[in-house]
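The values are calculated or read from the model by the stated rules, or taken from the named source; none is laboratory data. These numbers come from a predicted model, not from an experiment. Cβ placement follows ideal geometry from the backbone for every residue including glycine, while neighbour counts extend to all protein chains displayed. Ligands, DNA and RNA are excluded from the accessible area calculation, which covers all protein heavy atoms including side chains. Shrake-Rupley method; radii C 1.70, N 1.55, O 1.52, S 1.80 Å.
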Amino acid sequence: ACFAEVFADGGDGGGTGACLALAGQALRQRGEEGRALLWVQDEASIRLCGRPYRPGLPSSLRHRILHVAVKTPADALFALEEGLRCRDLACVLGEIAGNPAALSFTASRRLALAAEKHGSLLFLLRHDARADLSAARLRWRMRSAPSALSPWDRAAPGRPVWAAELFRARAHAPGE
């Protein structure tokens, strides 16, 4: 079980891609690659970064995503907590913009306890937010970085690259 909070600046989608990469790696390690993933977005994060574009996702993930769009951060927190309790989901990914009052330390503690109790993975992506108090076990800062050069065409973009900083973790040393 894990509750990771990821902070991403701007609407470049760098945090979303990084969260999907982290979730995919965690699911491969747990042997749960074939199970469904719940993706919850509040209205402000949809406005900032857009909805998931299924054809742009890896083919192994396209048919397994359950997308939930909610109006308020409070509704997003409710959906995330309910998703963590569902044993048929492999992972829960949430996107919340800014620092809403609904996402207090108590709310993050509820998410952490639900993830631990039910053995679930939760990645909470925070767009344009400050790192306030949180019960998240891992806290990251992510941003897009220039892509690597394509081996076949120098003018084409290569594989996506992220700059990541782990700035708080209970069992790991901070690092980039």
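At 1.4 Å probe size, with every protein chain present, just tell me what the per residue accessible area of the stretch 50-128 comes to in Å².
Details: 3920 Å² over 79 residues.
Computed with neighbouring chains in place, this is 50 Å² per residue.
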- Item | Given charges at beta-carbon only (K, R positive; D, E negative), |dipole| of the chain in Debye | 320
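Using Cα pairs closer than 8 Å and at least 6 residues apart in sequence, work out the relative contact order for the chain, in percent. Write out the running numbers ahead of the final one.
On the way: 347 pairs, mean separation 54.7, N = 176.
Once divided by the residue count of the chain, the mean separation gives 31 percent.
When the helix-only estimate is applied to the chain (DSSP H runs of n ≥ 4, each -39,500 (n - 2.57), divided by the residue count), what is the mean residue ellipticity at 222 nm, nearest 500 deg cm²/dmol?
-9500 deg cm²/dmol
Take the alpha carbon gyration tensor of the stretch 1-154, find the square roots of its eigenvalues, order them as a ≥ b ≥ c, and report rounded if a/c is under 1.5; if not, report prolate when a/b exceeds b/c, else oblate.
Here the stretch 1-154 falls in the oblate category.
How much length is gained on full extension from ARG170 to ARG109, taking 0.36 nm per residue of separation minus their Cα-Cα distance? List each step's numbers first, then the result.
Details: separation 61, 0.36 × 61 = 21.96 nm, distance 1.46 nm.
Result for the pair: 20.5 nm of gain on full extension.
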- Per DSSP, the loop-located trypsin sites (Lys or Arg not before Pro) within the stretch 73-142 having at most 11 other beta carbons within 10 Å are ARG87, ARG130
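Expressed as a whole percentage, what fraction of the accessible surface of the stretch 54-101 belongs to carbon and sulfur atoms when a 1.4 Å probe is rolled over the protein heavy atoms? Mind showing how you got there, number by number?
Values: 1380 of 2420 Å².
Solvent-exposed carbon and sulfur of the stretch 54-101 make up 57 percent of the total.
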- Heavy-atom accessible area of TRP39 with all protein chains present, probe 1.4 Å, nearest 10 Å²? 10
